[in-house]
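Have a look at the structure below before the remarks.
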Amino acid sequence: MIDFSTELGSRVARQLKLERIIWLTTVDPGNMPQPRPVWFHWDGTSFLIYSQPKTHKISHISQNPKVSINLPGDAEGDEVAVFLGDARIDLSAPAVTEHAEYLEKYERGIADLNMTPTEFARDYSIPIRVTPTRLRGF
């Protein structure tokens with residue numbers, strides 16, 4: 001469990017409420033890190049990320065559940081935060097169309113993709129749950 005009562009933890013908790021994009025890094029079969037920007041929902045204990053079914057991140061997670069999540073720092077390179085954790089496909093998670101907070105957060109982004117929430121949910125149908133085990137940053 002991450003301690004959000006520390007100075008770093010409380011700053012990161014505030015940042016998680018504001019950020020719209022995080023960087024998810026998986027590891028490919030050759031042990032090469034593969035970072036990519038993703039949309040997310042933070043519920044206070046885990047990240048929920050929706051993915052298209054046939055992506056590399058899905059195959060990477062099935063082979064190696066160890067991932068990292070990076071929050072963007074500021075323009076000076078400060079306020080860096082990195083979560084280390086475990087990822088899994090979470091078929092018990094709600095579909096995008098049943099996740100009101102996610103839809104509210106990304107309503108404009110979905111529209112910018114020229115998609116309806118139903119179309120987005122159909123394309124991004126695989127829920128990935130990342131449970132952080134460590135937080136590093138400065």
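Read-outs throughout are calculated quantities, based only on the coordinates presented, and are distinct from any laboratory measurement. Everything numeric here is computed off the predicted structure, so don't read it as measured data. Cβ atoms come from the backbone with ideal geometry, glycine included; neighbour counts cover every protein chain shown.
General remarks:
- Calculated FRET value between Arg36 and Ser5, using beta carbons and R₀ = 30 Å, to 0.05: 0.45
- CD proxy at 222 nm, helix term only [per DSSP H run n ≥ 4: -39500 (n - 2.57); per residue of the chain; nearest 500]: -8500 deg cm²/dmol
- Packing around the peptides 113-119, 54-60, taken as the average count of other Cβ atoms within 10 Å per residue, puts them in this order, highest first: 54-60, 113-119.
- For Glu98, the shell of other residues with beta-carbons less than 14 Å away shows a net charge of -2, using +1 for Lys and Arg and -1 for Asp and Glu.
- Positive contributions from Lys and Arg (+1) and negative ones from Asp and Glu (-1), summed over other residues with Cβ under 11 Å from the Cβ of Trp42, come out at -1.
- Percent breakdown of C-alpha pair distances by 10 Å bin, ordered from the shortest bin, for the range 33-125: 13, 44, 35, 8
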